[in-house]
Amino acid sequence: MNIRKILLSAICILCTCAAAAAGETDALRTKAARYVAQSEWLNASAIYWLILDQAPDDTDIYADAMISNTLAGDTTAAISLVHNAMDNLVNADTLFSRIRTRAFTLGHPNIYQDLLVRTRDHFPWMTRMVDRSLLEYYDYRNDGPQMVAYADKMLQGFPENVTYLRVKARGTLLCGDGDGAADIWRHILDLAPDNYDTLVDMAAYLVTCGNRDAATPYIRRAVAIRSTPYLQSLLDKR
């Protein structure tokens, strides 16, 4: 009986300590959020380090800490956090996805790009993941030259990847090389003849160039997959 009482007392003490720790962590999170709202990045980063002492595998806190340290001018600390996160088995893709979301929400999208580049420079084994993330970032930003450059990097490992080829085609078009983009679209259609988006892109480009006869086969193939008022109007005009 005494042993049971001792065990129950120990459990109660542990639960109380855990609740106290959780309460302290919540208070620190609130304090850090207040510093972020006031753009006091150095103070915010200090609080995030304290939280990570208690929750060393918290992906969201790593993301916020890396952004705060970078905005405070301490990029060395930001990169050391990547190392800590990997040591605590934080998923790299998830981490940088959270960094992207937070950086855009705070109005500092370039922080995301900066952290990706610095991470690649310090952790070469993460190059493939970083380059893929940068490709998605430049695609979102409509940065034609960088879209082409990073699509080429990704295609070195997967030369027939339609997703990367489509980004390269769009980047090539944004660079003002429509014929080059058309060559890539033709290559994609050799690999995936029923790729609807590429059929539409190819048809639209040819129509824009005034080559409606050449566009018609692509329009008909696209309509056979999914008819839209836009495609149907192109056929009707033809």
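Say R0 is 35 Å: what FRET efficiency, to the nearest 0.05, do residue 114 and residue 232 get from their beta-carbon distance? If you can, show how the numbers build up before the last one.
Details: r = 46 Å, r/R0 = 1.32.
Efficiency at R0 = 35 Å is approximately 0.15.
Count the net charge of all other residues whose Cβ sits under 12 Å from the Cβ of residue 144, scoring Lys and Arg as +1 and Asp and Glu as -1.
That works out to 0.
Suppose R0 equals 22 Å. What FRET efficiency, 1/(1 + (r/R0)^6) with r the Cβ-Cβ distance, do residue 156 and residue 187 give to the nearest 0.05? Please report the intermediate quantities before stating the final value.
On the way: r = 16 Å, r/R0 = 0.72.
FRET efficiency, residue 156 to residue 187: 0.90.
Counting Lys and Arg as +1 and Asp and Glu as -1, each charge on the Cβ, what is the dipole of region 171-212 about the Cα centre in debye, to the nearest 20?
With only Lys, Arg, Asp and Glu charged at Cβ, the dipole is about 140 debye.
How high is the relative contact order of region 41-141, in percent, counting Cα pairs under 8 Å that sit 6 or more residues apart?
Across region 41-141, relative contact order equals 23 percent.
What is the angle, in °, between the Cα long axis of helix 212-225 and the longest principal axis of the Cα atoms in the chain? Nearest 10 is fine, range 0 to 90.
Orientation of helix 212-225: about 50 degrees from the principal axis.
Of all accessible surface on region 82-238 at a 1.4 Å probe, what whole percent is carbon and sulfur? Working shown, then result.
Details: 3990 of 8220 Å².
The nonpolar share, carbon plus sulfur, comes to 49 percent.
Quick one: net charge around residue 98, please, counting Lys, Arg +1 and Asp, Glu -1 for every other residue with C-beta under 14 Å from its C-beta.
Summing Lys and Arg as +1 and Asp and Glu as -1 gives -3.
Which value in nm describes the separation of the simple spin-label points at residue 31 and residue 60, placed 7 Å from the Cα toward the beta carbon?
About 1.9 nm separates the two model spin labels.
Taking the chain as the reference, fit the longest principal axis to its C-alpha atoms, fit the long axis of helix 92-105 to the helix C-alpha atoms, and give the angle between the two in degrees, 0 to 90, nearest 10.
The angle comes out at about 80 degrees.
Express in nm, to one decimal, how much length is gained between residue 220 and residue 75 on full extension, taking 0.36 nm for each residue of separation and deducting their alpha carbon distance.
Full extension from residue 220 to residue 75 adds 46.8 nm.
Taking the Cα centre of the chain as origin and charging only Cβ (+1 Lys, Arg; -1 Asp, Glu), how large is the dipole, in debye to the nearest 20?
Dipole magnitude for the chain comes out near 560 debye.
Restricting to Cα atoms and excluding each atom paired with itself, what does the Kirkwood estimate give for the chain in Å?
Mean inverse Cα-Cα distance, inverted, gives 21.5 Å.
Given axes a ≥ b ≥ c from the Cα gyration tensor, I'd like to know whether region 54-126 is rounded (a/c under 1.5), prolate (a/b larger than b/c) or oblate.
Working: a/c = 1.41, a/b = 1.18, b/c = 1.20.
Since a/c stays below 1.5, the shape of region 54-126 is classed as rounded.
Compute the FRET efficiency between residue 83 and residue 136 as 1/(1 + (r/R0)^6), taking r as their Cβ-Cβ distance and R0 = 22 Å, and round to the nearest 0.05.
About 0.40, to the nearest 0.05.
Hey, what angle do you get for helix 162-174 against the long axis of the chain, alpha-carbon based, 0 to 90 degrees rounded to 10?
Helix 162-174 and the main axis of the chain meet at about 70 degrees.
Go through 62, 35, 140 and list them by solvent-accessible area, largest first, probe radius 1.4 Å.
In descending accessible area the options line up as 140, 35, 62.
For Cα pairs less than 8 Å apart in space and 6+ apart in sequence, what is the mean separation divided by the residue count of the chain, i.e. the relative contact order in percent?
RCO, the chain: 8 percent.
If you add up the charges near residue 109, with Lys and Arg at +1 and Asp and Glu at -1, over every other residue whose beta carbon is less than 15 angstrom from its beta carbon, what do you get? If you can, show how the numbers build up before the last one.
Values: positive: 98, 100, 102, 141; negative: 114, 136, 139, 143.
Its environment carries a net charge of 0.
With each run of n ≥ 4 DSSP H residues scored as -39500 (n - 2.57), what mean residue ellipticity at 222 nm is computed for the chain after dividing by its residue count and rounding to the nearest 500 deg cm²/dmol?
Values: 13 runs with 193 residues, N = 238.
Result for the chain: -26500 deg cm²/dmol, rounded to the nearest 500.
Rank 49, 185, 125 by accessible area, highest first, at a 1.4 Å probe radius?
125, 49, 185
The values are calculated or read from the model by the stated rules, or taken from the named source; none is laboratory data. Worth saying up front: this structure is predicted, and the values here are computed from it rather than measured. Positions of Cβ are generated from backbone atoms using ideal geometry, with glycine treated the same way; all protein chains shown enter the neighbour counts. To get the accessible areas, we keep the full protein, side chains included, count just its heavy atoms, and leave off ligands, DNA and RNA. Shrake-Rupley method; radii C 1.70, N 1.55, O 1.52, S 1.80 Å.
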